[in-house]
Amino acid sequence: MQILKWILSLLRWLWCLIYCWLFWKPPTYEPAKWNDNNGIQFNNNCYNYACDIQTGTFAQPGRATGHEYAVFACGDVLNGALSDGLVNLLSNQPCPHCSHQVALVVGPAYDFHWYRLDDNGMWSHKPGGTPVRNVDNSNNPISDPRTADRGPYTDFCGFLCVCKCKVKIN
(Lines give C-alpha, C1' and ligand atoms only; values in the text may rest on other atoms or scores of the structure.)
Protein backbone atom coordinates (compact mmCIF):
# COMPACT_ATOMS: atom_id res chain seq x y z
CA MET A 1 0.00 0.00 0.00
CA GLN A 2 2.87 2.39 0.79
CA ILE A 3 4.41 1.78 -2.64
CA LEU A 4 1.10 2.59 -4.32
CA LYS A 5 0.83 5.85 -2.34
CA TRP A 6 4.40 6.73 -3.30
CA ILE A 7 3.72 6.01 -7.00
CA LEU A 8 0.52 8.10 -6.94
CA SER A 9 2.38 10.93 -5.23
CA LEU A 10 5.13 10.77 -7.86
CA LEU A 11 2.56 10.77 -10.69
CA ARG A 12 0.79 13.79 -9.18
CA TRP A 13 4.11 15.62 -8.89
CA LEU A 14 4.99 14.82 -12.53
CA TRP A 15 1.55 15.94 -13.73
CA CYS A 16 1.92 19.21 -11.82
CA LEU A 17 5.36 19.80 -13.28
CA ILE A 18 4.11 19.19 -16.82
CA TYR A 19 0.96 21.28 -16.26
CA CYS A 20 2.99 24.09 -14.76
CA TRP A 21 5.40 24.46 -17.63
CA LEU A 22 2.94 23.87 -20.46
CA PHE A 23 -0.41 25.28 -19.37
CA TRP A 24 -0.16 27.46 -16.25
CA LYS A 25 -1.23 31.09 -16.32
CA PRO A 26 -2.34 33.49 -13.59
CA PRO A 27 -6.06 33.50 -12.76
CA THR A 28 -8.28 35.56 -15.04
CA TYR A 29 -11.13 37.66 -13.69
CA GLU A 30 -14.10 35.56 -14.89
CA PRO A 31 -17.11 36.23 -12.64
CA ALA A 32 -19.38 33.88 -14.64
CA LYS A 33 -17.17 30.95 -13.59
CA TRP A 34 -18.10 31.61 -9.94
CA ASN A 35 -21.42 33.54 -9.99
CA ASP A 36 -23.78 30.81 -11.13
CA ASN A 37 -26.47 31.03 -8.41
CA ASN A 38 -26.94 27.25 -8.45
CA GLY A 39 -24.22 25.80 -6.27
CA ILE A 40 -20.79 27.12 -7.15
CA GLN A 41 -21.43 30.66 -5.89
CA PHE A 42 -23.09 29.59 -2.63
CA ASN A 43 -20.75 26.68 -1.79
CA ASN A 44 -17.42 28.39 -2.43
CA ASN A 45 -16.05 31.38 -0.53
CA CYS A 46 -13.20 33.90 -0.59
CA TYR A 47 -10.61 31.23 0.28
CA ASN A 48 -11.78 29.01 -2.60
CA TYR A 49 -11.74 32.00 -4.94
CA ALA A 50 -8.34 33.26 -3.84
CA CYS A 51 -6.85 29.79 -4.32
CA ASP A 52 -8.79 29.45 -7.61
CA ILE A 53 -10.05 26.03 -6.49
CA GLN A 54 -13.75 25.16 -6.41
CA THR A 55 -14.28 22.53 -3.70
CA GLY A 56 -17.97 23.13 -2.97
CA THR A 57 -17.10 22.94 0.74
CA PHE A 58 -16.82 26.64 1.72
CA ALA A 59 -13.12 25.93 2.38
CA GLN A 60 -11.46 27.12 5.57
CA PRO A 61 -7.73 27.78 6.10
CA GLY A 62 -6.13 24.75 7.72
CA ARG A 63 -9.18 22.47 7.62
CA ALA A 64 -7.78 20.19 4.89
CA THR A 65 -4.58 19.64 6.86
CA GLY A 66 -6.01 19.45 10.37
CA HIS A 67 -4.76 22.90 11.42
CA GLU A 68 -7.89 25.04 11.13
CA TYR A 69 -7.67 28.45 12.78
CA ALA A 70 -9.17 28.84 16.25
CA VAL A 71 -9.62 32.62 16.36
CA PHE A 72 -10.03 35.40 13.83
CA ALA A 73 -6.52 36.80 14.11
CA CYS A 74 -3.84 37.19 11.44
CA GLY A 75 -1.44 34.67 12.96
CA ASP A 76 -4.02 31.94 13.45
CA VAL A 77 -5.62 32.20 9.99
CA LEU A 78 -2.20 32.60 8.37
CA ASN A 79 -0.91 29.43 10.08
CA GLY A 80 -3.91 27.49 8.77
CA ALA A 81 -3.27 28.71 5.23
CA LEU A 82 0.44 27.91 5.46
CA SER A 83 -0.38 24.38 6.59
CA ASP A 84 -2.58 24.05 3.46
CA GLY A 85 0.47 24.83 1.32
CA LEU A 86 0.22 28.57 0.70
CA VAL A 87 3.59 30.32 0.88
CA ASN A 88 4.15 33.54 2.82
CA LEU A 89 5.70 36.53 1.05
CA LEU A 90 7.68 39.02 3.08
CA SER A 91 6.46 41.90 0.90
CA ASN A 92 4.35 42.59 -2.17
CA GLN A 93 6.73 40.83 -4.54
CA PRO A 94 5.91 38.58 -7.49
CA CYS A 95 5.24 34.92 -6.84
CA PRO A 96 7.39 32.27 -8.49
CA HIS A 97 6.27 30.79 -11.81
CA CYS A 98 3.27 28.46 -11.50
CA SER A 99 1.81 30.33 -8.55
CA HIS A 100 -0.33 33.43 -8.07
CA GLN A 101 -0.54 36.07 -5.36
CA VAL A 102 -3.27 36.41 -2.74
CA ALA A 103 -3.76 38.71 0.24
CA LEU A 104 -5.23 37.96 3.67
CA VAL A 105 -7.11 40.47 5.83
CA VAL A 106 -8.87 40.01 9.15
CA GLY A 107 -11.64 41.75 11.01
CA PRO A 108 -10.40 40.96 14.54
CA ALA A 109 -12.73 38.60 16.43
CA TYR A 110 -15.13 38.88 13.45
CA ASP A 111 -13.98 37.19 10.24
CA PHE A 112 -11.19 36.88 7.67
CA HIS A 113 -11.20 37.64 3.94
CA TRP A 114 -9.00 36.85 0.92
CA TYR A 115 -8.19 38.81 -2.25
CA ARG A 116 -6.62 37.46 -5.46
CA LEU A 117 -4.29 39.15 -7.96
CA ASP A 118 -5.59 38.51 -11.47
CA ASP A 119 -3.68 38.38 -14.75
CA ASN A 120 -4.70 41.99 -15.52
CA GLY A 121 -2.69 43.27 -12.51
CA MET A 122 -5.81 44.15 -10.51
CA TRP A 123 -7.31 42.41 -7.47
CA SER A 124 -10.67 40.70 -7.10
CA HIS A 125 -12.49 38.84 -4.33
CA LYS A 126 -15.57 36.83 -3.42
CA PRO A 127 -17.23 37.79 -0.13
CA GLY A 128 -18.58 34.51 1.28
CA GLY A 129 -21.41 33.07 -0.82
CA THR A 130 -21.94 36.33 -2.69
CA PRO A 131 -20.83 37.09 -6.26
CA VAL A 132 -17.22 37.64 -7.27
CA ARG A 133 -16.32 41.28 -7.75
CA ASN A 134 -13.32 43.41 -8.66
CA VAL A 135 -14.23 46.50 -6.64
CA ASP A 136 -13.85 47.37 -2.97
CA ASN A 137 -16.55 48.45 -0.51
CA SER A 138 -16.58 51.94 -2.08
CA ASN A 139 -17.03 50.45 -5.59
CA ASN A 140 -13.48 51.39 -6.61
CA PRO A 141 -11.28 49.01 -8.62
CA ILE A 142 -8.74 47.30 -6.35
CA SER A 143 -5.17 48.09 -7.32
CA ASP A 144 -3.79 47.25 -3.86
CA PRO A 145 -5.72 45.44 -1.10
CA ARG A 146 -3.67 47.29 1.54
CA THR A 147 -5.27 50.60 0.54
CA ALA A 148 -8.70 49.37 -0.61
CA ASP A 149 -11.87 50.04 1.37
CA ARG A 150 -12.11 46.68 3.13
CA GLY A 151 -14.95 47.57 5.49
CA PRO A 152 -14.57 45.77 8.84
CA TYR A 153 -11.41 43.91 7.76
CA THR A 154 -9.01 46.35 9.39
CA ASP A 155 -5.95 44.12 9.83
CA PHE A 156 -3.84 43.52 6.74
CA CYS A 157 -2.09 40.20 7.38
CA GLY A 158 0.10 39.88 4.31
CA PHE A 159 0.64 38.51 0.84
CA LEU A 160 0.96 34.82 0.02
CA CYS A 161 1.52 32.65 -3.05
CA VAL A 162 -0.73 29.82 -4.20
CA CYS A 163 0.60 27.01 -6.35
CA LYS A 164 -2.55 25.02 -7.18
CA CYS A 165 -0.49 21.83 -7.55
CA LYS A 166 0.88 22.13 -4.03
CA VAL A 167 -2.13 23.54 -2.16
CA LYS A 168 -4.78 21.37 -0.53
CA ILE A 169 -7.90 23.15 0.69
CA ASN A 170 -11.23 21.95 2.04
Compute, for the range 32-129, the length of the dipole vector about the Cα centre, with Cβ point charges of +1 (Lys, Arg) and -1 (Asp, Glu) only. Units Debye, rounded to 20.
40 debye
Ranked packing of 64-75, 32-43, most packed first, by mean Cβ within 10 Å:
64-75, 32-43
Label C165 and W13 with points 7 Å out from Cα along Cα→Cβ: what is the distance between them in nm?
1.1 nm
So, over other residues within a Cβ distance under 10 Å of Y69, counting Lys, Arg +1 and Asp, Glu -1, the net charge is -1
In nm, to one decimal, how far is the modelled label at N140 from the one at T28, with both set 7 Å along Cα→Cβ?
2.9 nm
Within straight-line cross-link reach of K168, aspartates and glutamates at Cα separation under 15 Å, skipping those fewer than 8 residues along the same chain:
D52, E68, D84
Sorted by average packing, counted as other Cβ atoms within 10 angstrom per residue and highest first, what order do 1-8, 141-148, 20-27 take?
141-148, 20-27, 1-8
Could you estimate the translational diffusion coefficient of the range 14-103 from the Stokes-Einstein equation, with Rh from the Kirkwood formula over C-alpha pairs, at 10 °C and 1.306 mPa s, in whole µm²/s?
109 µm²/s
Evaluate the charge dipole of the chain about its Cα centre and quote only its size in Debye, nearest 20, assuming +1 on the Cβ of each Lys and Arg and -1 on the Cβ of each Asp and Glu.
540 debye
Segment A70-I40, extension gain: residue separation times 0.36 nm, minus the distance between their alpha carbons:
8.2 nm
First compute the accessible area of the range 110-162 with a 1.4 Å probe, then give the percent of it belonging to carbon and sulfur atoms.
46 percent
Residue-normalised accessible area of the chain, given per residue in Å² at a 1.4 Å probe:
53 Å²
Sum up the charges of everything whose Cβ sits under 9 Å from the Cβ of N137, counting Lys and Arg as +1 and Asp and Glu as -1, but leave N137 out.
-1
What number in nm² do you get for the range 97-170 if you take the convex hull of its Cα atoms and divide its surface by four?
5.5 nm²
With a 10 Å radius around each residue's Cβ, average the other Cβ atoms per peptide and rank 80-87, 133-140, highest first.
80-87, 133-140
Residue farthest toward the positive end of the dipole of the chain, with Cβ of Lys/Arg at +1 and Asp/Glu at -1: which of A50, L4, V106?
L4
So which cysteines of the chain have no other cysteine's Cβ under 4.7 Å from theirs?
C46, C51, C163
Diffusion coefficient in µm²/s returned for the range 44-151 by Stokes-Einstein, Kirkwood Rh over C-alpha pairs, 10 °C and 1.306 mPa s, is 112 µm²/s
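The values are calculated or read from the model by the stated rules, or taken from the named source; none is laboratory data. Remember, predicted model here, so these are calculated numbers, not experimental data. Positions of Cβ are backbone-derived with ideal geometry, glycine not excepted, and every protein chain shown enters the neighbour counts. The area values use the complete protein model at the heavy-atom level, side chains included, leaving out ligands, DNA and RNA. Shrake-Rupley method; radii C 1.70, N 1.55, O 1.52, S 1.80 Å.
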